[in-house]
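The values are calculated or read from the model by the stated rules, or taken from the named source; none is laboratory data. Because the structure is predicted, anything quoted here is derived from the model rather than measured. So basically every Cβ, Gly included, is an ideal-geometry build from the backbone, and we count neighbours across all protein chains shown.
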Amino acid sequence: MLRLQYIKYQIKGTRLLPYFLAAPLDQALPQRLIDYFETHIEKIRETIDFEEPLTWAPDNRVVRALVATLLNRFYSFFAHQLEEFLNQSQLTALKRRGIASLEDFRLWFWQYVQDHHGGFFPRENRQKILRTVSETLGLSANSIESLLTAHREEQMLLQRNNSPPSAEQLIAAYNYEVFETFLYYSDSVNLTISGTSLGATARSLLKYTKRYGVLVELESLDNTVRATIAGPQVFFGRATSFGWNIAQVITHLLQEAPSLKIRVEKVSIDVILRDRHYNVQLDSKSIPVLLPRGQIREDMAFLDSRVEKQFYWSWHNNKFRGWDIIREPEAFIFGSNLIIPDFALVKGEQRVLLEIIGYWREEYTQKKRVQLELLKQQGLKHMILLVDTKHRKYFSKSIYPVVFYRLRGKRYEIPYGKILKALPG
């Protein structure tokens, strides 16, 4: 995430307008910065003047953000290695003493000072002690000095992570860093998504909101999915406590967008800066080209809660009476409502959906009952509810078969036999 003071934006009333870059219109400055970094490859940090580029544009916030993006994404400062300072015979001699890295050397040196000088020596004795150490190790005093300071940040070397970025890549990465920073300062985000696989998109959103501990409300309207992503209001902390989590969800969605064949048509971000609310509104014309960082991490073992994890893996490993289990099987769209059950139990052509209800908030259980009644009205016959026994009063007269579970010690007591009785055949 970029520092907020690095980001150029305007505030008009309650609207916040981020400054994005566009290729090829804004390529000159990004390309100049890339060239500057390339000329300083393998140079130590203290010799690189990062103040010089700040004079290249009227607003140095854009320059600072681009430099930060280059260091976040494409270049890094790396510490020196022991091998850079010594020849092979010197390395071999040090390894006999158990010194195989710069960190090992520093630890050895401070232990030497501890053993021979009580852990401290005055500045006027520094050169004398360095000479004594150099004689002990067979190294020059200058080498000792270099080995002791090589780990410092200002001595680190600038290196490229992969091939040189293009100006277009830097622009897209910068745009995403700006976008993500405002997500970090948000307490909710609204998305309008179009495409040909809206059910799969909804499942993807549910998967990632579960993973990162935020909530999502989904609506289907005019061949689009509208998603509202927000942090749980039951938690305390700063208003934007879940901004990072929201940003991760949207990052994953953007990474999957090409394979899902979807397009984000609108984004509305509720941003909180200095305890005031502002709105960032982007549409298909103003959403810039974005380059999310990293790769999608597949995590088939991820589940919403401990009880879901226990249930899934118990059933998956045992396949009770030949019934297999599928996670988040399909989306049901009824009017503006979009519902995705937790699991499907499958045996041949038979298919029974199963929903686990363990969330403790009363309004959640009431909403779940309304959704289930809607499913029944639409003709869904085969559904089993696995409900925490503390919600018994809400589901004692359920329209679908209900099996109650409870927590015993650190493990959930799930009556699999009762679930099997509720299955057909």
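Does residue 215 satisfy the criteria of being free of Cβ contacts under 8 Å to residues at least 24 places away in the same chain and in the same structural domain as residue 277 (by TED's automatic domain parsing)?
yes
Does any residue of the stretch 159-176 turn out to be within 16 Å of residue 246 (Cβ to Cβ) and assigned to a helix (DSSP H, G or I)? Yes, the stretch 159-176 contains a residue that is within 16 Å of residue 246 (Cβ to Cβ) and assigned to a helix (DSSP H, G or I). Residues of the stretch 38-75 that are more than 21 Å from residue 164 (Cα to Cα) and touching a residue at least 60 places away in the same chain (Cβ under 8 Å): 46 alone.
Give the stretch 407-425 a look and list any residue that's exposed (fewer than 13 other Cβ atoms within 10 Å of the Cβ), in contact (Cβ under 8 Å) with a residue 12 or more places away in the chain and of a type in the set (D, E, K, R), or say none.
Initially, the stretch 407-425 is screened for residues exposed (fewer than 13 other Cβ atoms within 10 Å of the Cβ), giving 408-411, 413, 417, 421, 424-425.
Those left that are additionally in contact (Cβ under 8 Å) with a residue 12 or more places away in the chain: 411, 424-425.
Correct list: 411 only.
Taking each residue of the stretch 95-113 that is over 25 Å from residue 125 (Cα atoms) and looking for partners that are surrounded by fewer than 15 Cβ atoms within 10 Å (Cβ to Cβ) and not basic (Lys, Arg) with beta-carbon atoms closer than 8 Å, six or more apart or interchain, yields 101/81.
Name every residue in the stretch 12-37 that is touching a strand residue (DSSP E or B) at 6+ places or on another chain (Cβ under 8 Å) and either under 19 Å from residue 57 (Cβ atoms) or surrounded by fewer than 12 Cβ atoms within 10 Å (Cβ to Cβ) (or both), in order of residue number. Those that are touching a strand residue (DSSP E or B) at 6+ places or on another chain (Cβ under 8 Å) and either under 19 Å from residue 57 (Cβ atoms) or surrounded by fewer than 12 Cβ atoms within 10 Å (Cβ to Cβ) (or both): 14, 15, 17, 18, 19, 37.
A quick yes/no check of all residues on (1) surrounded by 12 or more Cβ atoms within 10 Å (Cβ to Cβ); (2) more than 30 Å from residue 32 (Cβ to Cβ); (3) not assigned by TED's automatic domain parsing to the domain that holds residue 251:
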{"site": "114", "(1), (2), (3)": "no, yes, yes"}
{"site": "121", "(1), (2), (3)": "yes, yes, yes"}
{"site": "128", "(1), (2), (3)": "no, yes, yes"}
{"site": "132", "(1), (2), (3)": "yes, yes, yes"}
{"site": "146", "(1), (2), (3)": "yes, yes, yes"}
{"site": "156", "(1), (2), (3)": "yes, no, yes"}
{"site": "176", "(1), (2), (3)": "yes, no, yes"}
{"site": "192", "(1), (2), (3)": "yes, yes, no"}
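From the list 407, 380, exactly one residue is farther than 18 Å from residue 308 by Cβ and either of a type in the set (A, V, I, L, M) or within 33 Å of the chain's Cα centre (by Cα) (or both). Which is it? Step by step, each of 407, 380 is checked, and only 380 is farther than 18 Å from residue 308 by Cβ and either of a type in the set (A, V, I, L, M) or within 33 Å of the chain's Cα centre (by Cα) (or both).
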